[in-house]
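Below is one structure, written out as structure tokens; comments come after it.
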Amino acid sequence: MPEPAHLTREDVAHVAALARLHLTEEELDLFTGQLAQVLDHAADVASLDLAGVVPTAHAMAVTNVLRPDEPIVCLDRDEVLAQAPSVEDHRFRVPRILGEAP
Amino acid sequence: MRSDWLLVIGLEVHCELKTTTKLFCGCPNMFGDEPNTNVCPNCLGLPGSLPVLNQRAVELAMAIGTALHCDIRASTFHRKNYFYPDQAKDYQISQYDEPLNVDGYLDLPDGFRVGIERAHMEEDTGKTTHAGASGRIHGADYSLVDYNRSGVPLVEIVSEPDMRTPDQARAYVTELRAILVASGASDGKMEEGSMRVDANVSVRRSVDDPFGTRCEIKNLNSVRSLGRAIEYEAERQIALIESGERVVQQTRHWDESAGRTQALRSKEDAYDYRYFLEPDLVPLVPDAEWIRAVADTLGMMPAERRSRLVSLLDDAGGATEAQLLQVATVVDLGLDDLVVEAVAAGVGTGLALARTANEAATDAEAARHLDPKSYVALLTLEMQGSLSATQAKAVLAELFARGGGDPATIARDKGFEAMSEDSLAETVADAIAAHPDEWSRFCGGDDKLAGFFTGLVMKATRGQANGKAVAAELRRLRG
Ligand SMILES: [Zn+2]
């Protein structure tokens, strides 16, 4: 596995923007350092010979957790919509959307 | 399209699964309910709620994989992160690099094989309505969201870019829809959005060229708009290239009323989804026994149903072009079992197929609910000559109206007493006696006059006589 590219302050700003996190300049510096440490640790693992090791998909060795296809009682609509900042026509009213759903 | 250009088409079909509840919560999966009535903390993305996978949805997804000849494998779920209010939790749970079904194929009715890259599970989004001045996305003042559809189970079926004509794309969607319905996975209602199609289209000059830059077309709500959109998009790309410009890879929206595709304004980072494994779900690992159990529940697929009818026609001397169309219609409407039962009971294949494709098909819903025994009994009466074709059609309409019944009783109620052989012979003899000249010409070999005499008998019996029986009697008398 190749060495991960060195994490830059711009990378952190980009990821923060994707996650809609507004970081201060100080926080950008702080998290760039912390995230670089996390990536360094991942790079340590990547340097091991892992051929033949099955990837771990979950911390628990459990598969096929399923439920029967049976309906529950849903939430009361008035109660649900009462939590919303804005409602119209029994729907959640949200600010104008730029672009279409991805 | 111009003959010096070649098309390359791949299709992505989203299919809503016919479950009782959603994919990760027990809210009803129901189209058309009052907005925001089928919601719970899970599908509203409320903190602390946890997803639990719906077993029925998994089995329907496996049924689709089986019907499309896929490898069904161990799979995982990822979070696809994006900010758009159609998902309250700001991510969609989807299968990413380890989908449930891979490497399958679908054979079109003409034998052309389209590869299936994958068919993976994911959850549907809520429904947004854009409100404001223009009523469109651009320029909308605000949006309204209904989360009833949020979390409804979907399977996304991704074809290989194997199709080369709009006709093939149309045939693919039509056949896929039939397979989805036959496997019980979907109701296949494109108009209700339970089946949605996106098309990836590119052009090139020669089969030796690599694929051109492709555009993805969304908002294709019918098989017809799929064909139109592909044709429009191909012409647009060709015009661009010929004028020295380049095709830019992008998502385009089909505008049905304007008959054209339009680029969607998307944000720069729109496709940076930051996928990661969904920590609240464990891997889905179907074993061979489970896969076999699901396969055993699958009924016959449309291709098999068509060839079953064609082989019945072959047994009866071969299929005509018109009969092959009747076969397609009958299978499409799910009425082929009626034909098979009728033939097994001794009804002629041609008659059984024609009545089903032409008459039963006019009310397929009623025909599907009709007791096959009634239907077979009716066709048998017509076959034996006890009812004329016209009478048989009238009795069938009555069977549909009543939702069943005994065809013989209905025929009697309608006054369709089958003519006895004696009275038929008598009526034919009367017609001959009244027209000796025509009779001698008929005896002299003028076969057209058979129609003349049949007409006379029909008139005398007010349509109660069986045309075939009259013709047989005329031939017998001629000797
Ligand atoms: Zn729910």
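Does region B:6-297 come out rounded, prolate or oblate by the C-alpha gyration tensor, with a ≥ b ≥ c the root eigenvalues, rounded set by a/c under 1.5 and, if not, prolate when a/b is larger than b/c and oblate if not? Oblate is the answer for region B:6-297, as a/c is 1.5 or above yet b/c matches or exceeds a/b. Between B:38, B:104, B:65, the Cα set farthest toward the positive side of the dipole of region B:1-107 (charges on each charged residue's Cβ, about the Cα centre) is that of B:38. Computed in the context of the full set of protein chains, the accessible area of region A:40-102 at 1.4 Å probe radius has 56% of its extent on carbon or sulfur. Here's the list of lysines a cross-link from residue B:80 could span, going by alpha-carbon distance under 21 Å and ignoring same-chain residues fewer than 8 apart: B:22, B:89, B:127, B:218, B:267. Dipole of chain B computed with +1 at Lys/Arg Cβ and -1 at Asp/Glu Cβ about the Cα centre; of B:210, B:354, B:47, farthest Cα towards the positive end is B:354.
Take region B:6-297 with all the other protein chains still there, run a 1.4 Å probe, and you get 41 Å² of accessible area per residue. Taking all protein chains as they are arranged and a probe of 1.4 Å, the heavy atoms of residue B:97 leave approximately 90 Å² accessible to solvent. Residues B:275, B:91, B:147, sorted by accessible area with the largest first, give B:275, B:91, B:147 [1.4 Å probe; ligands and nucleic acids excluded]. The charge dipole of region B:23-170, taken about the Cα centre with unit charges on the Cβ atoms of Lys, Arg (+1) and Asp, Glu (-1), comes to about 260 debye, rounded to the nearest 20. Listed by chain and number, the lysines whose alpha-carbon sits under 29 Å from that of residue B:448, ignoring those within fewer than 8 places in the same chain, are B:393, B:459, B:468.
3J(HN,Hα) along region B:316-325, derived from phi through the Karplus expression 6.51 cos²θ - 1.76 cosθ + 1.60 where θ = phi - 60°, amounts to 9, x, x, 9, 8, 4, 5, 5, 5, 5 Hz, with x in place of Gly and Pro. The helix-based estimate of mean residue ellipticity at 222 nm for the protein assembly as shown, built from -39,500 (n - 2.57) per DSSP H run of four or more residues and divided by its residue count, is -12000 deg cm²/dmol to the nearest 500.
Residues B:414, B:22, B:373 ordered from highest to lowest accessible area at a 1.4 Å probe: B:373, B:414, B:22.
Based on the alpha-carbon gyration tensor of region B:79-131 and its eigenvalue square roots a ≥ b ≥ c, which shape applies: rounded if a/c is under 1.5, prolate if not and a/b is larger than b/c, or oblate? Taking the square roots of the gyration eigenvalues as a ≥ b ≥ c, region B:79-131 is oblate. If only the Cβ of Lys and Arg carry +1 and only the Cβ of Asp and Glu carry -1, the dipole of region B:421-478 around its Cα centre is close to 200 debye.
Chains B and A together bury roughly 4500 Å² of accessible area, counting both sides, with a 1.4 Å probe on protein heavy atoms only.
Roughly speaking, what is the centre-to-centre gap between region A:39-60 and region B:170-203 when only Cα atoms are used, to the nearest Å? Centre-to-centre distance over Cα atoms comes out at 40 Å.
The 3J(HN,Hα) values that the Karplus relation (6.51, -1.76, 1.60; θ = phi - 60°) gives for region B:200-214 are, in residue order, 9, 10, 9, 10, 7, 8, 8, 5, 7, 6, x, 4, x, 5, 9 Hz. Gly and Pro appear as x.
Since only B:450, B:155, B:220 are under comparison, the one whose Cα sits farthest along the positive direction of the charge dipole of chain B, derived from C-beta charges on Lys, Arg, Asp and Glu, is B:450. Shielding value for B:98-104 is 0, the average number of Cβ atoms from other chains within 10 Å of each residue's Cβ. Taking all protein chains as they are arranged and a probe of 1.4 Å, the heavy atoms of residue B:211 leave approximately 110 Å² accessible to solvent. Summing Cβ point charges (Lys, Arg +1; Asp, Glu -1) relative to the Cα centre of chain B gives a dipole of roughly 660 debye.
Per the 1.4 Å probe, what fraction of the accessible area of chain B, in percent, lies on carbon and sulfur atoms?
Of the solvent-accessible surface of chain B, carbon and sulfur hold 50 percent.
Whole-Hz Karplus values for region B:179-184 come out as 5, 5, 5, 5, 7, x Hz, taken residue by residue from phi with 6.51 cos²θ - 1.76 cosθ + 1.60 and θ = phi - 60°; glycine and proline positions read x.
Computed with a 1.4 Å probe on the full set of protein chains, the accessible area for residue A:8 sits at about 50 Å².
Counting, for every residue in A:76-82, the Cβ atoms of other protein chains within 10 Å of its Cβ and taking the mean gives 3.
The values are calculated or read from the model by the stated rules, or taken from the named source; none is laboratory data. Small disclaimer: the values here were computed from a predicted structure and weren't measured. Every residue, glycine as well, gets a Cβ built from its backbone with ideal geometry; the counts of neighbours run over all protein chains shown. With ligands, DNA and RNA removed, areas are computed over all heavy atoms of the protein, side chains included. Shrake-Rupley method; radii C 1.70, N 1.55, O 1.52, S 1.80 Å.
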